[in-house]
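So the structure is just underneath, and the comments pick up after that.
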Amino acid sequence: MDLNMPGMTGVEATRHISTLAPLTRVVVLTISDQDSDVMDAIFAGACGYLLKDASIQELMHGIEAAAVGESLISPTIAAKVLRRVRSSSSQPDIERTIRAELSDREIEVLKLIANGKDNAQIAADLHISPKTVKNHISNILMKLQIDNRIQAAVYAVRSGIV
């Protein structure tokens, strides 16, 4: 999905697609590295955000990640998003909610997600299977009532968990 399109913005199209077909995975491929564009796309339901200067390998990795239910953000974009979220004040109410809703293991998984780890890296770090990681992520998303791991990472950073 490009963000700059005639008739409807990419964010509007992503939101529309996510509403009509929630299982559809949208990866944004754009020139914009503006914080507001990134955050708007993520909150509209994008599962990935790549810049048009990404290599073919990065683009393929982003598409493959989306196809198996994972998310990918360009590293430069991820760093900007985390800086922006960290610079906003932490929200203790969110931290209390997270700690009340999630198990200790789910909090560990959430922290690793927020630090940019993919499922294989999380599995290796925690010495569990990738399938168990997927189960933990599904539980985290359900318990926190959020749509994808990018939103989970933002939520964790905003709460001060990370």
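The values are calculated or read from the model by the stated rules, or taken from the named source; none is laboratory data. It should be emphasised that the depicted structure is a prediction, and the values quoted were computed from it without experimental measurement. Here the Cβ positions follow ideal geometry from the backbone for every residue, glycine too, while neighbour counts run over all protein chains shown.
Restricting to region 32-44, and then to whatever is part of a helix (DSSP H, G or I) and acidic (Asp, Glu), can you tell me which residue is farthest from ILE77 (Cα to Cα)?
ASP40
State which residue pairs qualify: first residue within 13 Å of ILE73 (Cα to Cα) and assigned by TED's automatic domain parsing to the domain that holds ASP147 and inside region 19-31, second residue modelled with pLDDT of 90 or more and not in a strand (DSSP E or B) in any location, beta carbons under 6 Å apart, and separation of 6 or more residues or different chains. From region 19-31, no pairs qualify. Hey, can you tell me all the residues within region 29-47 that are hydrophobic (A, V, I, L, M, F, W, C) and under 20 Å from TYR155 (Cα atoms)? VAL38, MET39, ALA41, ILE42, PHE43, ALA44, ALA46, CYS47, listed by residue number.
Would you mind finding the one in ILE98, ILE73, ILE42 that is among the β-branched types (Val, Ile, Thr), modelled with pLDDT under 85 and not assigned by TED's automatic domain parsing to the domain that holds THR132?
On the way: ILE98 fails: not assigned by TED's automatic domain parsing to the domain that holds THR132; ILE42 fails: modelled with pLDDT under 85.
From the options ILE98, ILE73, ILE42, the qualifying one is ILE73.
Among the residues of region 3-18, the one identified as touching a strand residue (DSSP E or B) at 6+ places or on another chain (Cβ under 8 Å) and among the aliphatic types (A, V, I, L, M) is LEU3.
Filtered by the rule that a residue be within 25 Å of ILE77 (Cα to Cα), at pLDDT 90 or above and among the β-branched types (Val, Ile, Thr), region 101-129 gives ILE107, VAL109, ILE122. In region 135-162, the residues that are more than 13 Å from ARG96 (Cα to Cα) form Cβ pairs under 6 Å with partners that are crowded, with 21+ Cβ neighbours inside 10 Å and of a type in the set (Ser, Thr, Tyr), at six or more places apart or across chains, as follows: ASN148/SER71; ARG149/SER71; ILE150/SER71. When restricted to residues that are touching a helix residue (DSSP H, G or I) at 6+ places or on another chain (Cβ under 8 Å), free of Cβ contacts under 8 Å to residues at least 40 places away in the same chain and not aliphatic (A, V, I, L, M), region 52-73 contains 0. Check region 78-95 and report whether any residue there is modelled with pLDDT of 90 or more and among the acidic types (Asp, Glu). Scanning region 78-95 turns up no residue that is modelled with pLDDT of 90 or more and among the acidic types (Asp, Glu). Between ARG25, ARG15, the distinction of being part of a loop (DSSP other than H, G, I, E, B), touching a helix residue (DSSP H, G or I) at 6+ places or on another chain (Cβ under 8 Å) and surrounded by 17 or more Cβ atoms within 10 Å (Cβ to Cβ) belongs to ARG25 only.
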